[in-house]
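Q: Take this structure, written in structure tokens, and hold onto it; I'll ask about it next.
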Amino acid sequence: MTEETPGFEEKPDVPSGATPEDAEPQAASPSSEGAAAPAGDASAQNAGLVAQLDQVRTALGERTMDLQRLQAEYQNYRRRVERDRIAVKEIAIANLLTELLPVLDDIGRAREHGELVGGFKSVAESLETVAAKMGLQQFGKEGEPFDPTIHEALMHSYAPDVTETTCVAILQPGYRFGERTIRPARVAVAEPQPGAQTVKAEESTEAGDDKENGGPDEG
């Protein structure tokens, strides 16, 4: 039997013609290759994560734009619905007030003839108050200039004391609701007397000449 000598350590086999130091670099080379490989994998993973992040950002931007566009469309829809609702309400009120105009005309004629008394007076005044609360406004006064957009001339005459076409009598008052004219005021109009303006112009010219000449000659 072969006895092992105490304290003796076996050394790795070394090829013939090589020294023991030659074996150390060969043993270390596999570890350096293994360390270089994980660094390349990490770079590739980072590049993939960056690409995915860019895709997510792009998708998020597109979805945000879609939501903003949808919100704008919804706001426009709400405003359009509210505008249509107000318009329908105004048309309904205007139609109702138009149907009440003949009744208001009868009340006005009764007031002019002194027949608006007793219980009829109370009911008439209540009806006029309700119509005013709903937005009905009466217009048309004697002496105001004639405006074809709000006046309807039923009678025509000439007058020497007017300088323009003027409403001299209100045959039926006009009514408006907001900016809408429900019924024009039916009036009698008077125009300046033909030739009156020429006479006035001549009188004004003569008066101006007298002032320049120091007034008329005294006898």
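The values are calculated or read from the model by the stated rules, or taken from the named source; none is laboratory data. Predicted model, so just to flag it, every value in this text is computed and none were measured. Here Cβ is always computed from backbone atoms with ideal geometry, including for glycine, and neighbour counts include all displayed protein chains. When the accessible area is computed, the model is the full protein with side chains, heavy atoms only, and any ligands, DNA or RNA have been set aside. Shrake-Rupley method; radii C 1.70, N 1.55, O 1.52, S 1.80 Å.
Q: Please report the net charge: other residues with Cβ closer than 11 Å to the Cβ of T98, K and R +1, D and E -1.
A: +1
Q: To the nearest 10 Å², what's I107's accessible area with a 1.4 Å probe?
A: Approximately 10 Å² for this residue.
Q: Ok, one more. Give me the extension gain from Y74 to V103: residue separation times 0.36 nm, minus the current Cα-Cα distance, reported in nm with one decimal.
A: Gain on extension, Y74 to V103, equals 6.0 nm.
Q: While we're here: Please compute the modelled spin-label separation between E179 and A92, points set 7 Å along Cα→Cβ, answer in nm with one decimal.
A: Label-label distance for A92 and E179, simple model: 2.2 nm.
Q: Of all DSSP beta bridges in segment 94-195, what percent run antiparallel (nearest 5)?
A: So the antiparallel bridges amount to about 60 percent of the total.
Q: Round to the nearest 10 and report in Å² the accessible area of D161, as given by a 1.4 Å probe over the protein chains' heavy atoms.
A: 130
Q: Still on this model: Roughly how many nanometres apart are two label points built 7 Å out from the Cα toward the Cβ at A59 and F120?
A: In this crude label model, A59 to F120 measures out at 8.2 nm.
Q: Another question, if that's okay. Just flag the trypsin sites (Lys or Arg not before Pro) in segment 96-185 sitting in loop per DSSP whose Cβ has no more than 13 other Cβ atoms within 10 Å.
A: In loop regions of segment 96-185 (DSSP not H, G, I, E or B), the sparsely surrounded trypsin sites (Lys or Arg not before Pro) are K141.
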